[in-house]
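The structure appears below as structure tokens.
The values are calculated or read from the model by the stated rules, or taken from the named source; none is laboratory data. These numbers were taken from a predicted model, which means no experiment stands behind them. Note: ideal-geometry Cβ built from the backbone for every residue, glycine included; neighbour counts use all protein chains shown. In case anyone asks, the SASA skips ligands and DNA or RNA and just uses the protein heavy atoms, side chains included. Shrake-Rupley method; radii C 1.70, N 1.55, O 1.52, S 1.80 Å.
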Amino acid sequence: MRKHIELIAALVSGLLIVITYFSLHETNAAPIAYCIAYLIGGFFKAKEGITESIIDRKLNVEMLMILAAIGAAIIGHWLEGALLIFIFALSGALETYTENKSSAELHALLSLQPNEATRLTDAGKEIVPVDQLQVDDHVVVLSGERIPTDGIITKGITSIDESAITGESIPVTKAEGNEVFAGTVNSSAVLEIRVTKPAKETLFQRIISMVQTAQSQKSPAQHFIERFEGPYVKTVLLLVLLLFLVPPIISSWTFTESFYRAMILLVVASPCALVASVMPATLSAISKGARNGILVKGGTHLETLGKVKAVAFDKTGSLTVGRPSVTDYIINKNGDSSVVLQAAYAIESQSSHPLAKAIAAYAKTHAAEPAERVKDTAGKGMDGIWKGQTWRIGNASFMHKPIGEHLAEKAKKLAEAGKSLVYMENNEEVLAVFALQDTIRPEAEAAIHNLTKQGIATIMLTGDNEQTARAIAKEAGITTYRANCMPEEKAAAIKELESSYGTIAMVGDGINDAPALATAQIGIAMGTGTDAALETADMVLIKNDLGKLTDAMKLSRRMRRIIKQNVVFSVAVIMLLILANVSQSLGLPLGVVGHEGSTILVILNGLRLLR
């Protein structure tokens, strides 16, 4: 109830105005009742206005409204003054509601953060605050509990609900060696987890920090409005004074009529709607993005995103999933596929090399007993004894037997496609070749197509070789790419692209991408990127979904469109009301409704972004 106190006060004020108008309007008690409505409805905005004026030492919109309401009371228009306060209070309450709504995602996240963890010690188990956990501590998480820290499972197999982090509702199966994140839910079994990050550095905490940062930053449009507010208020007060003093001297207006018109000018010229044009829309857009896995670190970046003319992509981990997988498996005519895959698993499952892990994962359905006397030859491959035979698996130079014509022809085509080749032989011959590649993200091609359709150029910057870069770029639908790029070369490329296209965004995930992310007008990090990338970036795709990039751009353009609508509408209403007042065709009641009604309308228009 406390967070809605401002709205409640505004509604009570309105109710009191209605009761007074219908039952006390013609009595001597009416001014007292309207005065109480003034105090109830205007307390929060008056307090805000006076406090800010004292601290900032400058007048603001709230002070104009206080003066306007007092002026209305002086000339006997108690009802109009009370309505002015009521509608102004209601618009302020709506703006507060927007701010509360924008932080709802943050509060929801905070409520998901466990406060305590069960730590394993030599003496047994102990309950400790999460912030006391140290890296390499071991914790126990029961079925149904939230995981208190980022870590690696050391014991147990379970399904984990990661919707708090990724937004995906389908639980993910995790086993020993898999990474888990704070705030996610252990669905089905007891787990032991080794802590890999302090509480303040977990992915969950980074998300919270990013939302907090985004809510505290202001867009260029908001900065402009705030700079404009002070001089505008002084100008309005000067015009009010002139309108009160000059017309009785140079025209037939009486001082009473002149004062009345001056008070109307004070009401209608206050830029309440203009001031409310930006912030509610910006906060609503940031909240909308956060709900959909798009974390933007402030209104400035969200506003700039809609101006992007070209997007540069890192390859590994951004356009691709960031790890190799087997794309092709070719076996010669004499080989038994099942036996070869069993032997491959028996040897490769004993290695931590990325290519070996990929082959072991591919052959896992043919799991067999581990090979014996396994030896790893750095840079070449592995060999071992399995079922009485010596098996070798590695690059072409590691093979002892010649590679047959059939395999060689197929391998050549795979190599031309930019794939890494791993051969396998037994005592008699080379039996098979595995082709591996860091595969493109499932949504990447559609995301690139959508960007191109919107007239946004796409470029790939990668440290990989020319062949691999060409293959991935072709598969993703990117026509321009640069291979063999060092980190400083990526940053230099961004500057070149800026001179050609204008506003540039960079998408990356690694430490090597940080310079380019910092150089681009908008740096965009993948959610599972390195700390350096996440800290440097202006925006994070927390679900690692490139499709969200086009969603974010649409959200930015929609936000900018709504802000423009609000600004044009609010300025047009102010000008129309001023002209109507000077021509003596506008009364104070209609001026109050027109001015404050426009303020409410622009706030409601901004709130549309929450949908």
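Examine segment 389-405 for a residue that is part of a helix (DSSP H, G or I), touching a Gly at 6+ places or on another chain (Cβ under 8 Å), without any contact (Cβ under 8 Å) to a residue 40 or more places away in the chain and closer than 25 Å to T439 by Cβ, and state whether such a residue exists. Within segment 389-405, one or more residues are part of a helix (DSSP H, G or I), touching a Gly at 6+ places or on another chain (Cβ under 8 Å), without any contact (Cβ under 8 Å) to a residue 40 or more places away in the chain and closer than 25 Å to T439 by Cβ.
When you scan segment 290-310, do you find a residue that is on the phi < 0 side of the Ramachandran plot, in a helix (DSSP H, G or I) and in contact with a His (Cβ under 7 Å, 6 or more places away or on another chain), even just one? Write out each step before concluding.
Taking segment 290-310 as the starting set, the residues that turn out to be on the phi < 0 side of the Ramachandran plot are 290-292, 294-297, 299-310.
Keeping just the survivors that are in a helix (DSSP H, G or I) gives 290-291, 299-305.
From what's left, in contact with a His (Cβ under 7 Å, 6 or more places away or on another chain): none.
Scanning segment 290-310, I find no residue that is on the phi < 0 side of the Ramachandran plot, in a helix (DSSP H, G or I) and in contact with a His (Cβ under 7 Å, 6 or more places away or on another chain), so the answer is no.
When the helices (runs of 4 or more DSSP H) confined to segment 1-76 are screened for residues that are over 30 Å from P231 (Cβ atoms), those reaching at least 2 such residues are found at 5-23, 30-56.
Would segment 301-316 turn up any residue that is open to solvent by less than 40 Å² (accessible area, probe 1.4 Å), modelled with pLDDT of 85 or more, among the charged types (D, E, K, R) and over 17 Å from the mean Cα position of the chain (by Cα)? Within segment 301-316, one or more residues are open to solvent by less than 40 Å² (accessible area, probe 1.4 Å), modelled with pLDDT of 85 or more, among the charged types (D, E, K, R) and over 17 Å from the mean Cα position of the chain (by Cα).
For segment 434-471, what are the residues that are within 18 Å of E489 (Cβ to Cβ) and open to solvent by less than 40 Å² (accessible area, probe 1.4 Å)? I459, M460, L461, T462, T468, A469, listed by residue number. No other residue among A358, A346 is closer than 20 Å to L407 by Cβ and either assigned to a helix (DSSP H, G or I) or among the charged types (D, E, K, R) (or both) apart from A358.
Results for (1) touching a residue at least 60 places away in the same chain (Cβ under 8 Å); (2) open to solvent by 90 Å² or more (accessible area, probe 1.4 Å); (3) of a type in the set (S, T, Y), shown as yes or no for each residue.
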residue: I8; (1), (2), (3): no, no, no
residue: L15; (1), (2), (3): no, yes, no
residue: F22; (1), (2), (3): no, yes, no
residue: Y38; (1), (2), (3): no, no, yes
residue: E52; (1), (2), (3): no, no, no
residue: I55; (1), (2), (3): no, yes, no
residue: K58; (1), (2), (3): yes, yes, no
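Within segment 12-39, track down each residue that is of a type in the set (S, T, N, Q), under 52 Å from the mean Cα position of the chain (by Cα) and modelled with pLDDT under 85. Listed by number, the list is empty, since nothing qualifies. The set of residues in segment 540-579 that are surrounded by fewer than 17 Cβ atoms within 10 Å (Cβ to Cβ) and closer than 30 Å to M263 by Cβ comprises Q565, V568, V571, A572, M575, L576, L579. The criterion of being crowded, with 16+ Cβ neighbours inside 10 Å and within 30 Å of K495 (Cβ to Cβ) holds for A537. Within segment 511-528, residues that are free of Cβ contacts under 8 Å to residues at least 60 places away in the same chain and assigned to a strand (DSSP E or B) sit with their Cβ atoms under 8 Å from residues that are surrounded by fewer than 24 Cβ atoms within 10 Å (Cβ to Cβ) and hydroxyl-bearing (S, T, Y), at 6+ positions apart or across chains, in these pairs: G523/T536; A525/T536. Would you confirm whether or not segment 532-550 contains a residue that is in a helix (DSSP H, G or I), at pLDDT below 80 and either touching a Cys at 6+ places or on another chain (Cβ under 7 Å) or charged (D, E, K, R) (or both)? Yes, because at least one residue in segment 532-550 is in a helix (DSSP H, G or I), at pLDDT below 80 and either touching a Cys at 6+ places or on another chain (Cβ under 7 Å) or charged (D, E, K, R) (or both). Taken together, the criteria place G322 among residues that are assigned to a strand (DSSP E or B) and small (G, A, S). With the structure loaded, tell me whether F204 is of a type in the set (F, W, Y), at pLDDT below 85 and surrounded by fewer than 16 Cβ atoms within 10 Å (Cβ to Cβ) or whether it fails that test. Against the criterion (of a type in the set (F, W, Y), at pLDDT below 85 and surrounded by fewer than 16 Cβ atoms within 10 Å (Cβ to Cβ)), F204 does not qualify.
One line per residue, one yes/no per condition, for (1) open to solvent by 20 Å² or more (accessible area, probe 1.4 Å); (2) more than 40 Å from the chain's Cα centre (by Cα):
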| site | (1), (2) |
| --- | --- |
| S397 | yes, yes |
| G404 | yes, yes |
| A417 | yes, no |
| E425 | no, yes |
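Filtering segment 577-611 to residues that are under 43 Å from the mean Cα position of the chain (by Cα) and outside any helix (DSSP H, G or I) leaves only R611. In segment 472-487, the qualifying residues are those that are hydroxyl-bearing (S, T, Y) and surrounded by fewer than 19 Cβ atoms within 10 Å (Cβ to Cβ), and the one that is nearest to G508 (Cα to Cα) is T480. For segment 177-198, filtering for residues that are open to solvent by 10 Å² or more (accessible area, probe 1.4 Å), outside any loop (DSSP other than H, G, I, E, B) and over 14 Å from R119 (Cα atoms) leaves 2.
Looking only at segment 273-282, filter to residues that are part of a helix (DSSP H, G or I) and open to solvent by less than 10 Å² (accessible area, probe 1.4 Å); which one of those is modelled with the lowest pLDDT? Talk me through it step by step, then tell me what you get.
Step one: of segment 273-282, the residues part of a helix (DSSP H, G or I) are 273-275, 279-282.
Now narrow it down to the ones that are open to solvent by less than 10 Å² (accessible area, probe 1.4 Å): 273, 280-282.
Values: A273: 77, P280: 80, A281: 84, T282: 83.
Filtering segment 273-282 for residues that are part of a helix (DSSP H, G or I) and open to solvent by less than 10 Å² (accessible area, probe 1.4 Å), the one modelled with the lowest pLDDT comes out as A273.
Filter segment 238-271 for residues that are open to solvent by less than 10 Å² (accessible area, probe 1.4 Å) and part of a helix (DSSP H, G or I); which is farthest from L577 (Cα to Cα)?
Narrowing segment 238-271 to residues open to solvent by less than 10 Å² (accessible area, probe 1.4 Å): 258, 262, 264, 266-271.
From what is left, the residues that are part of a helix (DSSP H, G or I) are 258, 262, 264, 266-268.
On the way: S258: 16, A262: 13, I264: 9, L266: 11, V267: 10, V268: 6 Å.
Only one residue tops the list, namely S258.
Out of all the residues in segment 358-388, which are among the hydrophobic types (A, V, I, L, M, F, W, C), in contact (Cβ under 8 Å) with a residue 12 or more places away in the chain and open to solvent by 50 Å² or more (accessible area, probe 1.4 Å)?
From segment 358-388, those among the hydrophobic types (A, V, I, L, M, F, W, C) are 358-361, 363, 367-368, 371, 374, 378, 382, 385-386; that's our starting set.
Among the residues that remain, those that are also in contact (Cβ under 8 Å) with a residue 12 or more places away in the chain are: 358-361, 363, 367-368, 371, 374, 382, 385-386.
A361, A367, listed by residue number.
Restricting attention to segment 320-356, and to residues there that are free of Cβ contacts under 8 Å to residues at least 24 places away in the same chain and in contact with a helix residue (DSSP H, G or I) (Cβ under 8 Å, 6 or more places away or on another chain), which single residue is farthest from T390 (Cα to Cα)? Among those residues, the one meeting the criterion is S349.
Residues in segment 135-144 that are at pLDDT 90 or above, open to solvent by 60 Å² or more (accessible area, probe 1.4 Å) and in a loop (DSSP other than H, G, I, E, B): V135, D136, L142.
For segment 488-501, give me each residue that is under 26 Å from E443 (Cβ atoms) and open to solvent by less than 90 Å² (accessible area, probe 1.4 Å). K490, A493, I494, L497 - these are the residues of segment 488-501 that are under 26 Å from E443 (Cβ atoms) and open to solvent by less than 90 Å² (accessible area, probe 1.4 Å).
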